[in-house]
Amino acid sequence: MSKLIIEPSPHIKSPITTQKIMLTVIIALLPALLASVIIFGLRALVMTVICCACCVIFEWVTRKIMKRDSTISDLSAIVTGMLLSFNLPVTLPIYMAVIGCFVAIVIVKQFFGGIGQNFANPAITARIVLMLSFTSYMTSWAQPFYYQSTELVTTSTPLAGGEASLMDMFLGTTGGCLGETCALALIIGGIFLVITRVISPATPLCFIGTVFVLSLISTGDIEKATAAILSGGLMLGAIFMATDYSTTPLTLPGKIIFGIGCGLITMLIRNFGTMPEGVSYSILLMNILTPIIDRFTVPKAFGEAEKKRRAGNDG
Amino acid sequence: MTVHKIRLPHFKHSAESETIALPLPSRAVISTAQHLGAVCTPTVNIGDKVKIGDVIADSDAVMSAPVHASISGTVTAFTEVLHISGRNMPSIVIESDGKNEISDAVKPPVINSREDFLAAVRKSGSIGLGGAGFPTSMKLGFDPKEKHPDKLIINGAECEPYITSDYRCFIEEGEKVLDGALLMMKYLDIPECVIGIEDNKPKAIEKMRGLCASYPNITVCALKSSYPQGAEKTLIYSTTGRVVKEGQLPISCGCIVINSSTCAFISDYIKTGMPLVSRRITVDGNIVKKPANFKVAVGMSIAEIVEHAELDGEPDRIILGGPMMGACAFELDYPLSKTNNAVLLFKDSPIYSPSSCIRCGRCVRACSMGLMPTALETAFDMRDAKALSRLNVNLCVNCGACSYVCPAKRNLAEKNQLAKAFLREQTKKGV
């Protein structure tokens with residue numbers, strides 16, 4: 001008789017895998033990629049492909065050097081690459097994008113143990129590092145459809161005082177990072193992720209909702225509040241970055257706290273800070289708070305014995 | 001409060017296969033540990049002649065049930081069988097004399113009182129036939145002065161994929177299930193009864209509703225087909241809305257949960273006096289050509305049983321019980337125990353290698369007990385007893401839903417079991 005497999009129960013597993021989840025996220029990012037290619041031209045595609053390739057190569061090399069199993073087949077490096085490129089202006093020199101990939105994959109992700117272990121969102125952190133290192137390049141925005149004209153014309157984002165109609169912002173025909181401008185494409189991707197149950201709608205809704213409500217209170221103008229949620233990296237951040245599994249809370253109450261916190265910090269930075277945009281900083285700050293949020297949002301167990309629930313106190 | 005459940009494929013291929021009674025084997029290996037609780041000591045010696053229904057092992061412990069001979073013949077040896085729990089269990093080997101004689105001791109018990117009834121249940125060797133094997137007499141033998149149950153719950157959820165033995169019990173012996181429930185209600189003075197059946201078994205629901213129509217205090221509750229609907233605490237919540245507190249038995253909230261097949265057996269025993277010497281078992285899996293339900297003598301070899309279901313090739317994985325909570329057998333030549341409700345045989349079954357947790361939270365959303373399996377895993381890996389008890393690891397019912405939904409294919413359920421054992425050890429040490 002052949003050898004028998006002995007394993008702990010259960011003996012059947014759901015068909016869902018890490019790879020399938022990442023593939024779903026990649027598919028959800030495609031509408032935004034398409035939109036960016038239409039708005040900013042082929043260089044947007046080149047930038048995205050280079051970022052993905054660099055992320056995969058950096059991941060493979062780092063795992064090799066650290067003598068660990070290769071994890072490139074889980075496709076998470078491609079997701080990071082796509083998200084990072086979406087956070088870059090289309091005109092950014094390629095070598096800077098490569099540096100961004102290095103920061104995202106090697107420093108933020110692999111140095112902390114790889115997929116699921118990093119405490120900060122790789123793409124966001126890389127964007128912030130690039131922002132601080134190459135501020136002028138990171139804040140020069142090409143005009144939409146610039147590739148049709150002979151010379152490069154730069155513009156400013158709606159947040160930095162640029163003029164744009166609500167429809168322009170919804171369709172993405174404004175200045176900005178290559179993947180963040182088209183709210184429509186990002187929302188389509190977000191709905192796809194919610195339907196496929198890859199993400200919970202709680203975080204994006206709370207994040208965007210908080211920004212909307214606070215803008216409405218501070219400006220008293222629905223149009224300005226709508227502009228606030230359509231501008232900057234809010235849609236991209238709320239739908240794709242604030243829902244990153246590794247760096248956000250596990251439970252529904254945690255996700256709600258995370259979303260509201262991100263919205264608050266974004267509004268504080270936008271209104272009182274020196275920078276025009278605060279989405280990436282808000283997500284990074286909330287990433288750091290995630291372990292604490294997780295601690296205080298342990299769900300009540302079914303039939304749990306009454307005892308002193310002192311969350312966060314093990315001593 | 002919401003109790004999380006997950007959707008599983010049903011795979012109830014054997015649902016329409018009528019139970020076939022298999023011929024008695026020429027040899028039976030009967031373990032003296034057929035149930036949760038105290039292991040029995042043999043009451044026979046090598047060379048003794050036994051008939052079907054004779055007691056061959058018993059125990060004085062409260063939490064135990066006697067073991068009976070399932071074939072007639074001679075006790076030839078005491079051996080040890082490597083139990084699926086990994087421990088060696090003393091077993092009694094009986095070689096058949098081919099006569100299949102029934103013991104003189106097998107006669108309907110005389111029952112006039114609650115005590116008579118409980119004594120009869122104990123004598124019958126009855127245990128929970130759903131899989132866990134809790135001695136029935138222990139379940140029913142509550143102290144009526146302390147806490148009196150007002151609800152008898154018959155568990156016919158059968159939420160595990162593949163298994164249909166309880167379903168066939170409803171279809172073929174629904175009258176006995178009802179009769180067993182009525183007996184328990186009568187002698188134990190329980191006013192109400194709920195029969196819980198998952199809604200993927202409409203025929204069973206219809207049949208039981210028809211049978212129970214004239215009993216206003218017995219209701220048939222159609223449960224949503226989701227896993228783990230048949231887990232005791234989940235079932236109590238689904239049928240009554242009551243919550244069993246940590247470390248308590250169902251009786252603490254006025255409920256007694258009995259598996260439907262156990263219920264039918266008790267009715268049978270009170271009528272005939274034939275103790276628990278055979279049971280219904282589902283045979284299925286991807287190499288089983290004819291998925292079927294068999295009535296089999298306890299102690300018969302699994303290898304012999306599955307021959308009747310026609311196999312297509314050699315299995316590489318044999319599961320005793322359901323695919324979610326059952327255990328892998330070390331060999332096919334393994335004696336059937338009272339608790340085995342299914343044997344599943346698979347070939348070329350996928351082997352998953354765990355990858356890193358991606359913190360997706362699916363296990364948290366799947367846990368019927370509201371635990372955080374991924375946090376428990378981290379706490380166990382760090383051997384953090386305080387965190388384990390803060391995260392209520394002891395509430396885990398080992399349903400396996402967390403491991404099932406995990407995209408990284410991590411063995412979370414296994415870790416929970418190890419964590420519980422670790423915590424017990426730490427508590428013993430007084431740390």
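Considering the stretch B:217-292, the qualifying strands (runs of 3 or more DSSP E), each wholly inside and each with 3 or more residues that are out of contact with any helix residue (DSSP H, G or I) (no Cβ under 7 Å at 6 or more places or on another chain), run over B:278-284.
Restricting to the stretch B:350-367, give me the number of residues that are touching a residue at least 12 places away in the same chain (Cβ under 8 Å) and open to solvent by less than 80 Å² (accessible area, probe 1.4 Å).
The initial filter retains those residues of the stretch B:350-367 that are touching a residue at least 12 places away in the same chain (Cβ under 8 Å), namely B:352-363, B:365-367.
Going one step further and asking which of them are open to solvent by less than 80 Å² (accessible area, probe 1.4 Å), we end up with B:354-363, B:366-367.
Of the residues in that region, 12 qualify.
Checking each residue in the stretch B:78-119 for being outside any loop (DSSP other than H, G, I, E, B), in contact with an Asp or Glu (Cβ under 8 Å, 6 or more places away or on another chain) and of a type in the set (S, T, N, Q) picks out B:Asn88, B:Ser91. I want to confirm something. Restricting to the stretch B:264-287 and keeping residues that are farther than 27 Å from B:Ser91 by Cα and touching a strand residue (DSSP E or B) at 6+ places or on another chain (Cβ under 6 Å), which single residue is most open to solvent (accessible area, probe 1.4 Å)? My answer is B:Asn286. Determine whether B:Glu304 is at pLDDT below 95 and either among the hydrophobic types (A, V, I, L, M, F, W, C) or not in a helix (DSSP H, G or I) (or both). In short, no. Please enumerate the residues belonging to the stretch B:56-83 that are in contact with a Cys (Cβ under 7 Å, 6 or more places away or on another chain) and of a type in the set (D, E, K, R). Within the stretch B:56-83, just B:Asp58 meets the criteria. Condition check: farther than 30 Å from B:Phe330 by Cα and within 12 Å of another protein chain (Cβ to nearest Cβ). Does A:Val98 satisfy that? Considered against the rule, which asks whether it is farther than 30 Å from B:Phe330 by Cα and within 12 Å of another protein chain (Cβ to nearest Cβ), A:Val98 comes out as no. For the stretch B:307-328, filtering for residues that are surrounded by fewer than 23 Cβ atoms within 10 Å (Cβ to Cβ) and more than 7 Å from chain A (Cβ to nearest Cβ) leaves 7. The set of residues from the stretch B:385-431 being open to solvent by 30 Å² or more (accessible area, probe 1.4 Å), at the interface with another protein chain (Cβ under 8 Å from one of its Cβ atoms) and free of Cβ contacts under 8 Å to residues at least 40 places away in the same chain comprises B:Lys386, B:Arg390, B:Glu414, B:Gln417. Only one of the listed residues (B:Ile71, B:Ile56) is within 19 Å of B:Thr339 (Cα to Cα), touching a strand residue (DSSP E or B) at 6+ places or on another chain (Cβ under 7 Å) and assigned to a loop (DSSP other than H, G, I, E, B). That residue is B:Ile71. Within the stretch B:358-374, being within 8 Å of chain A (Cβ to nearest Cβ) and not charged (D, E, K, R) holds for B:Ile358, B:Cys360, B:Gly361, B:Val364, B:Ser368, B:Met369, B:Gly370, B:Leu371, B:Met372, B:Thr374. So which of B:Thr282, B:Thr272 is more than 10 Å from chain A (Cβ to nearest Cβ) and touching a Phe, Trp or Tyr at 6+ places or on another chain (Cβ under 9 Å)? That would be B:Thr282, the only listed residue that is more than 10 Å from chain A (Cβ to nearest Cβ) and touching a Phe, Trp or Tyr at 6+ places or on another chain (Cβ under 9 Å).
When restricted to residues that are open to solvent by less than 70 Å² (accessible area, probe 1.4 Å) and either closer than 30 Å to B:Ala401 by Cβ or of a type outside the set (Asp, Glu) (or both), the stretch B:40-60 contains 12.
Of the numbered criteria (1) part of a helix (DSSP H, G or I); (2) in contact (Cβ under 8 Å) with a residue 12 or more places away in the chain, the one B:Ile195 fails is (1). Of all residues in the stretch A:1-19 being more than 17 Å from B:Ala366 (Cα to Cα) and more than 7 Å from chain B (Cβ to nearest Cβ), which is surrounded by the fewest Cβ atoms within 10 Å (Cβ to Cβ)? Out of the qualifying residues, it is A:Lys3. Within the stretch B:206-237, can you find the residues that are open to solvent by less than 40 Å² (accessible area, probe 1.4 Å) and more than 20 Å from B:Asn394 (Cβ to Cβ)? Matches in the stretch B:206-237: B:Met208, B:Cys212, B:Ile218, B:Val220, B:Cys221, B:Leu223, B:Ser225, B:Ser226, B:Tyr227, B:Gln229, B:Gly230. Only one entry of A:Gly179, A:Gly259 meets the criterion of being over 30 Å from A:Ile292 (Cα atoms), open to solvent by less than 40 Å² (accessible area, probe 1.4 Å) and out of contact with any His (no Cβ under 6 Å at 6 or more places or on another chain), and that entry is A:Gly179. Hey, does the stretch A:21-29 have a residue that's at pLDDT 95 or above and facing chain B (nearest Cβ under 7 Å)? Within the stretch A:21-29, one or more residues are at pLDDT 95 or above and facing chain B (nearest Cβ under 7 Å).
Only one of the numbered conditions (1) on the phi < 0 side of the Ramachandran plot; (2) within 16 Å of the chain's Cα centre (by Cα) is not met by A:Ile65, and that is (2). Could you check the stretch A:182-209 and list, in sequence order, the residues that are assigned to a helix (DSSP H, G or I) and open to solvent by 20 Å² or more (accessible area, probe 1.4 Å)? Residues satisfying the conditions are A:Leu184, A:Ile187, A:Ile188, A:Ile191, A:Phe192, A:Val194, A:Ile195, A:Leu205, A:Cys206, A:Ile208, A:Gly209. Tell me, yes or no, whether the stretch A:154-163 has at least one residue that is over 21 Å from A:Ser231 (Cβ atoms) and either away from chain B (no Cβ under 14 Å) or crowded, with 22+ Cβ neighbours inside 10 Å (or both). No, because not a single residue in the stretch A:154-163 is over 21 Å from A:Ser231 (Cβ atoms) and either away from chain B (no Cβ under 14 Å) or crowded, with 22+ Cβ neighbours inside 10 Å (or both).
Looking at the stretch A:121-129, is at least one residue surrounded by 16 or more Cβ atoms within 10 Å (Cβ to Cβ) and in contact with a Pro (Cβ under 9 Å, 6 or more places away or on another chain)?
No: zero hits.
Conditions (1) more than 24 Å from B:Glu172 (Cα to Cα); (2) free of Cβ contacts under 8 Å to residues at least 24 places away in the same chain, marked per residue:
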| site | (1), (2) |
| --- | --- |
| B:Ala15 | no, no |
| B:Pro23 | no, yes |
| B:Arg27 | yes, no |
| B:Thr32 | yes, no |
| B:Gly73 | yes, no |
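Picking from residues in the stretch B:143-183 that are of a type in the set (Val, Ile, Thr) and more than 14 Å from chain A (Cβ to nearest Cβ), the one that is most open to solvent (accessible area, probe 1.4 Å) is B:Ile171.
Are any residues in the stretch B:239-248 of a type outside the set (Ser, Thr, Tyr) and in contact with a strand residue (DSSP E or B) (Cβ under 9 Å, 6 or more places away or on another chain), and if so, which ones? Selection gives B:Arg242, B:Val244. Look at B:Arg87 and say whether it is among the basic types (Lys, Arg), within 25 Å of the chain's Cα centre (by Cα), assigned by TED's automatic domain parsing to the domain that holds B:Glu232 and open to solvent by 20 Å² or more (accessible area, probe 1.4 Å). In short, no.
The values are calculated or read from the model by the stated rules, or taken from the named source; none is laboratory data. Everything numeric in this text was worked out from a predicted model, so none of it was measured. Cβ atoms come from the backbone with ideal geometry, glycine included; neighbour counts cover every protein chain shown. SASA here: full protein model, heavy atoms, side chains in, ligands and nucleic acids out. Shrake-Rupley method; radii C 1.70, N 1.55, O 1.52, S 1.80 Å.
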